[in-house]
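What follows is one structure encoded as structure tokens, with my remarks underneath.
The values are calculated or read from the model by the stated rules, or taken from the named source; none is laboratory data. Everything quoted here is computed from the prediction, not taken from an experiment. Glycine gets a Cβ as well: all are built from the backbone with ideal geometry, and neighbour counts include every protein chain shown. Accessible surface areas use protein heavy atoms only, side chains included; no ligands, DNA or RNA. Shrake-Rupley method; radii C 1.70, N 1.55, O 1.52, S 1.80 Å.
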Amino acid sequence: MSETRLPLLFDLRGRRVLIVGGGSVALRRARTLLAHGLKVKVVAPEIRTELRRLLGEGGGRIDKTEFRPEHIAKNDFVIAATRDTTVNQQVAACARAAGIPVNVADDPQASDFVFPSILERGPLSIAIAGGGSPVLTRLLRRRLEALVPAGYGVLATLAAKYRDAARRGISDRERRTTFWEKILQGRVVDAALAGRGEEAEVLLQQALRAADPLAMPGEVFLVGAGPGDPGLLTLRAFDLLQRADIVLYDRLVADAVLALVNPAAERVYVGKRRAEHAVPQPEINQLLVTYARQGKRVVRLKGGDPFIFGRGGEEIERLCEERIPFQVIPGITAASGCASYAGIPLTHRDHAQSVRFLPGQLREGTIDLPWRELVQPGQTLVIYMALTGLPVIRDQLLRHGMDPATPVALVERGTLPEQRVTTASLSSILQALAAHEPVAPSLLIVGSVVALRARLFGV
Ligand code: SAH
């Protein structure tokens, strides 16, 4: 079943509309109609102060009386928005008899026209119409709100402003379409969305002036993919996955996150497993440079947060040297994701005032960490890459004086549907894990906050 009414954008400036009713629906309608240049008249015995004020400021008229059929004449549209369905029906009947289109609040069946839910971004209108469920419409609208940030208004204004200039500069129609496709997915968008409207305009002007407007420089985005659950991506990350030309990703990036990459984008796996480097770091750095030089929008997708044990720093150093524009989009680091999904608050007034993120990987049988500091009370330790070195970590902490009863948790595949949490005391964690083969990625949390899990999650 499809909506039989056709959504159209009509210029209704100067048209007359009669609103019967003085409550919240009338207020909403009056606000929209005045904003679009209609001449509004409200008829009702009681009129809300806000509506009165709005009409006063917006040049609307008021007739503080009960509705009478003669009110209908000379209007182009009528809106029946009283709380009384009998009155609404009467208004609709009068309007129909006079051949004037009518809208009845909350009754699309009885209406000739309906109001879509409108999302405005500058000169851009997104309307959601029909659907039969106002709640569904509202939820959908909320999703669109998030997907289409306010910066799209700036973008739409810019595109309109430079439309003629582009037509003059790039006469070939197909090339011009390609130009706009590139502009409206490239750096101009990033500047506009980040609220830097002036920079967006300068970039657009530069592109138009370039000898070859289609040869735009590429850019690299170091994007945090979070610990696994795609719901933990930032909106910026999601937007970039949609606009990427090419995505370079690690083993840590979850399949569910990769599923959100735009299908037209090229995907390059540069993953690494412990000790087995699929693509050595300098080569990854070089790939980023090469693809950006080809004018591509390169997304370097990294598990968790790019700046936490992610070698993000090394990758951007190289980009800096090569003068390639880049941006870093933070992600939820494994510590935050695992702790939340396991019910372990990393700090707590009564347990830990600080938290330390530490790398636990083994190098030639040892782990180089400031053990003496780590056994101090009042802190939580979150040890990344701790699986292979777990026996060494336990021994070192015990040797440096940590209480053997200190609660610890190993979180495997945190935030994913397969997440497994094993809690034990420091001295018994290895026995507790003997029952199953722990899998990567996994994270060790050490400290009395781990005991709160039982209270918070009831486990
Ligand atoms: N930049 C990443 C960390 C990279 S180091 C971040 O901010 O999360 C890789 C280590 O991260 C793994 O060895 C593991 O300890 C941890 N890790 C990443 N994702 C994880 C997950 N879903 N569950 C548990 N640990 C995870």
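For the range 426-459, a residue qualifies if it is among the hydroxyl-bearing types (Ser, Thr, Tyr) and away from the ligand (no atom under 15 Å from the Cβ), and the qualifying residues are SER427, SER428, SER448.
Being at pLDDT 90 or above, more than 13 Å from the ligand (Cβ to nearest atom) and surrounded by 20 or more Cβ atoms within 10 Å (Cβ to Cβ) holds for only one residue in PHE238, PHE221, and it is PHE221.
Within the range 298-311, the set of residues being more than 8 Å from the ligand (Cβ to nearest atom) and not in a strand (DSSP E or B) comprises ARG311 only. Of all the criteria given as (1) touching a residue at least 24 places away in the same chain (Cβ under 8 Å); (2) near the ligand (Cβ under 10 Å from one of its atoms), the one not satisfied by VAL375 is (2).
Filtered by the rule that a residue be out of contact with any helix residue (DSSP H, G or I) (no Cβ under 7 Å at 6 or more places or on another chain) and in a strand (DSSP E or B), the range 330-355 gives SER354, VAL355. Looking across the range 337-354, the residues that are open to solvent by less than 60 Å² (accessible area, probe 1.4 Å) and in contact (Cβ under 8 Å) with a residue 40 or more places away in the chain come down to GLY337, CYS338, ALA339, ALA342, GLY343, ILE344, PRO345, LEU346, HIS348, HIS351, ALA352.
Against the criterion of being surrounded by fewer than 18 Cβ atoms within 10 Å (Cβ to Cβ) and among the small types (Gly, Ala, Ser), ALA405 qualifies.
Where strands (runs of 3 or more DSSP E) fall wholly inside the range 8-87, the ranges with 2 or more residues that are open to solvent by less than 20 Å² (accessible area, probe 1.4 Å) are 16-20, 39-43, 77-80. The C-beta contact set for the range 48-70 (first residue of a type in the set (D, E, K, R), second residue assigned to a strand (DSSP E or B), distance under 6 angstrom, 6+ apart or interchain) comprises ARG61/LYS41; ASP63/VAL43. If I filter the range 316-336 down to residues being touching a Leu at 6+ places or on another chain (Cβ under 6 Å) and within 13 Å of the ligand (Cβ to nearest atom), which single residue comes out as least open to solvent (accessible area, probe 1.4 Å)? So, considering only residues that are touching a Leu at 6+ places or on another chain (Cβ under 6 Å) and within 13 Å of the ligand (Cβ to nearest atom), the one least open to solvent (accessible area, probe 1.4 Å) is ALA334.
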